[in-house]
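The structure appears below as C-alpha cells.
The values are calculated or read from the model by the stated rules, or taken from the named source; none is laboratory data. Quantities reported herein were computed from a predicted structural model and do not represent experimental measurements. Here the Cβ is made from the backbone with ideal geometry for all residues, glycine too, and neighbour counts use every protein chain on show.
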Amino acid sequence: MKVTMKDIAEALDVSITTVSRALNNQGRIGESTRKMVIAKALEMGYELPKDPKTEGKMVGIVFDKRLQSLATDPFYSIVMMGVEKKCKEYNSQVFFHTIDQPTDNRLWSLYAQDRLHGLIVVGGDIRNGFVSALQERKIPFVLVDNCLDSVDVDSVVTDNAGGVRKLLNHLFELGHTRIGFVGGPLSHPSLAERYETYCLTLDQHGIERKDEWSWIHSEPGPSVEKGYEAILTWYEQGLDVTALLTDNDSTAIGVLRGCTELGIHVPRDLSIVGFDNIPLAEHVSPGITSVHIHKMAMGEWAAKRLHELMEKDDIPIKVVLSTELVVRGSSGPIGI
C-alpha cells in the first residue's frame with residue numbers, strides 16, 4: 001500500500017501541514033523537524049518529491065561533425081566521463097548531439113520547449129557564429145578544450161603553454177637542441193597554442209629554429225596516420241633533428257610506428273614526446289613521454305560550471321587546468 005503524508009504525520013504525531021512543508025521545503029519549519037520528517041518518510045518508503053532546481057535538468061553535450069565521435073576519441077571520451085559523472089551528482093540527464101553550425105534548429109526547439117537547459121560545447125571546431133547564436137538565445141553553455149579570443153564565454157581548457165614548456169625543458173636537460181615539431185591542424189586553438197609555444201620557447205633559449213623542423217597538417221583532429229606520414233617524409237628528406245615534439249599522443253604513436261619500420265631507434269637516434277597522456281601512450285614500446293591532462297577533471301569542472309549558470313547568470317570565467325610531465329622510454333640523451 002502506498003505511503004501517504006497522512007501516514008507519516010500519524011507516525012510522528014504531527015500535522016499533515018508540517019509534513020507537507022518539510023517534504024516540499026516550503027513554509028516556516030525548523031531544520032530539525034524537516035530532517036525528522038524526511039528521515040521518517042524514507043524509512044516508510046515514501047517517494048520524496050523532486051527538487052525542481054536540480055531534478056529533470058537536461059544537458060546536451062554537443063560537438064561539430066568534424067570530430068566524428070566522442071565515444072571513440074581517446075581524449076574526449078574521458079572528458080565526457082567526467083561530465084556524466086558530475087551531471088549524475090546533480091541528477092541531470094545527458095544526451096549527445098552533433099551540431100550543424102552556425103544554426104541548429106533542433107537545439108533551439110528543445111530549449112524553447114524547456115526540454116534542454118544547458119550545453120557542454122566540445123572541441124576546437126566550434127565557430128564564433130554558433131557561440132553567438134547561443135548567446136542571443138541566452139542558452140547556458142560552457143566550452144571545453146576551446147577558448148574564443150573574440151568573445152567572453154565560460155570555458156575549461158588545459159595549460160597548453162605550460163605543458164609544452166615542461167616537455168621542451170625535459171628535452172633540453174637531456175641535451176637536445178635540434179627539436180622538431182609534428183602536429184595540426186592549427187585551426188584548433190589548443191593545437192595552435194602548443195605550436196606557438198614551441199616556436200617561442202626555442203627562440204627564448206637562443207635556438208635558431210629551422211622551418212624544415214616543423215611538419216604541420218591540416219586534417220581534422222589528431223591522427224596516428226599523420227605522425228606516420230610525417231616521419232616517412234622526414235626520412236626521405238634527411239632527418240636533421242634529434243628529438244620530436246608532437247602536439248598529441250596519437251601523432252607520437254604514428255611517429256613511433258614509422259621509426260620502427262625505418263630502423264630508427266627510439267630514443268637513441270630520436271627522442272619522441274607527446275601531449276595528453278592518453279591510455280595507449282604507456283602501452284606502446286617504448287612508452288611515450290607526455291604531459292598528463294586531467295581529462296576527467298575537465299569534464300567535471302565544465303559540468304559544475306554549467307549547473308551554476310543554469311541557476312543564475314554570472315560573469316564568464318575561464319578554468320585552466322595544469323599538466324604533469326610523465327617521463328617514459330621514448331625520450332633520452334642523444335646517442336644513448
Please verify whether Ile207 is in contact (Cβ under 8 Å) with a residue 12 or more places away in the chain, assigned to a helix (DSSP H, G or I), in the same structural domain as Leu280 (by TED's automatic domain parsing) and among the aliphatic types (A, V, I, L, M), treating the condition exactly as stated. no
On the basis of being of a type in the set (Val, Ile, Thr) and either in contact with a helix residue (DSSP H, G or I) (Cβ under 7 Å, 6 or more places away or on another chain) or in the same structural domain as Val151 (by TED's automatic domain parsing) (or both), does Ile253 make the cut? yes
Since Gly335 meets every condition but one in (1) part of a loop (DSSP other than H, G, I, E, B); (2) at negative phi, which condition does it not meet? (2)
Test: residue in the range 251-265 that is under 27 Å from Ile78 (Cβ atoms), part of a helix (DSSP H, G or I), in contact with a His (Cβ under 6 Å, 6 or more places away or on another chain) and touching a residue at least 40 places away in the same chain (Cβ under 8 Å): no
Which numbered condition trips up Met80, out of (1) more than 28 Å from Ser250 (Cα to Cα); (2) in contact with a Leu (Cβ under 6 Å, 6 or more places away or on another chain)? (1)
When you look at Ile315, is it more than 13 Å from the chain's Cα centre (by Cα), free of Cβ contacts under 8 Å to residues at least 60 places away in the same chain and part of a strand (DSSP E or B), yes or no? no
List pairs: first in the range 14-30 and part of a loop (DSSP other than H, G, I, E, B), second modelled with pLDDT of 80 or more and surrounded by 14 or more Cβ atoms within 10 Å (Cβ to Cβ), Cβ under 7 Å, 6+ apart or cross-chain? Ser15/Ala9; Gly27/Arg21; Ile29/Thr18; Ile29/Arg21; Ile29/Ala22
State whether one or more residues within the range 110-127 are part of a strand (DSSP E or B) and without any contact (Cβ under 8 Å) to a residue 60 or more places away in the chain. yes
I'm trying to understand the selection: among the residues of the range 72-89, which are more than 13 Å from the chain's Cα centre (by Cα) and surrounded by fewer than 17 Cβ atoms within 10 Å (Cβ to Cβ)? Thr72, Lys85, Lys88, Glu89
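Looking at this structure, is Leu232 among the hydrophobic types (A, V, I, L, M, F, W, C), at pLDDT 95 or above, in a helix (DSSP H, G or I) and closer than 16 Å to Ala161 by Cα? If you could, list the steps in order and put the result at the bottom.
Working: among the hydrophobic types (A, V, I, L, M, F, W, C): yes; at pLDDT 95 or above: yes; in a helix (DSSP H, G or I): yes; closer than 16 Å to Ala161 by Cα: no.
No.
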